1. Gap in Å between the Cα centre of the range 128-149 and the Cα centre of the range 181-222?
2. Just want the ordering: 191, 119, from fewest to most Cβ atoms lying within 10 Å of their own Cβ.
3. Tell me, 180, 224, 219 in order of fewest to most beta-carbon neighbours within 10 Å?
4. Given q = 0.20 Å⁻¹, what are the Debye log10 I(q)/I(0) values for the range 68-236, with equal point scatterers placed on the Cα positions and solvent ignored?
5. Largest first and in whole Å, give the semi-axes of the range 72-113's equivalent ellipsoid, each being the square root of 5 times a Cα gyration tensor eigenvalue.
6. Based only on other Cβ atoms within 10 Å, what is the fewest-to-most ordering of 91, 182?
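Nothing in this text is a laboratory measurement; each read-out follows from the coordinates by a stated rule. Only a predicted model underlies this, so the values are computations on that prediction, with no experimental measurement involved. Please note: Cβ atoms are built from the backbone with ideal geometry, for glycine as well, and neighbour counts cover all protein chains shown.
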Amino acid sequence: MRHFVYFFLLCTIAQAETQPSRNFDGKLFDLAKPVLAVSDNVSEKQVIDIPVAEDVVFPAEFLFAVTIQDLPAAPWFIVGKGESKAEQLAYFLLNENNSADPGFVEALAAFYVTEAEIEGINHDVAFAQMCLETGFLRFGGLVSAEMNNFCGLGAIGPGENGLWFSTAELGVRAHIQHLKAYANEEPLIGELIDPRFRFVRRGSSPILQGLSGTWAADKMYADKIELILDRLFRFTDQ
């Protein structure tokens, strides 16, 4: 597919060098200078402007420049097995938020790996979504840290700040169960913890992109999670 895009753009540029075109006023204008120059050696980075939700606080360096090659070539499936180890997830989050409690972060990462494995969910996807929803555990929006709600369950607006869970482990379990509700129609392995599980149309979103406009109204919701996933793997590859 990428080769086709390159071929199409190169053909368009070649035509622009030899053929004039017209603007809406009927006047000729020069297409010899394309807006985007495509080459095999990309020396400049295209910056993707990702709008940030008002109730999410990101680290100052979160929004980074990505090249065309950085964009995901295939969809992220919610069902699957994550690649990162629990300690790698913990180190990644602590690198993004050095004010977080290391002991809590390590336990939280372990919960995500364990609970996701039980229900067959990709723990990398779930953990990255948690990082987005909580601003890397900075919170600051409708949901507060003591609620143990790591994915904004029930956080609709003023007066409906979201669900409370008695422990972090149960909060993670509810998150994983809610993701499974979107991902497929398979029965839960563990006891139902997520009170909003029944409101999801089962199997409506097997891929991450399907969460945009459904899990969250933000149309860029999945793109933000994908950027966190990319940052996670860059960090663990170091």
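1. One Cα centre to the other: 18 Å.
2. Least crowded to most crowded, the residues run 191, 119.
3. The fewest-first ordering by Cβ neighbours comes to 219, 224, 180.
4. For the range 68-236, the Cα-only Debye profile gives -1.51.
5. 23, 13, 7
6. Final ranking by Cβ density, sparse to dense: 91, 182.
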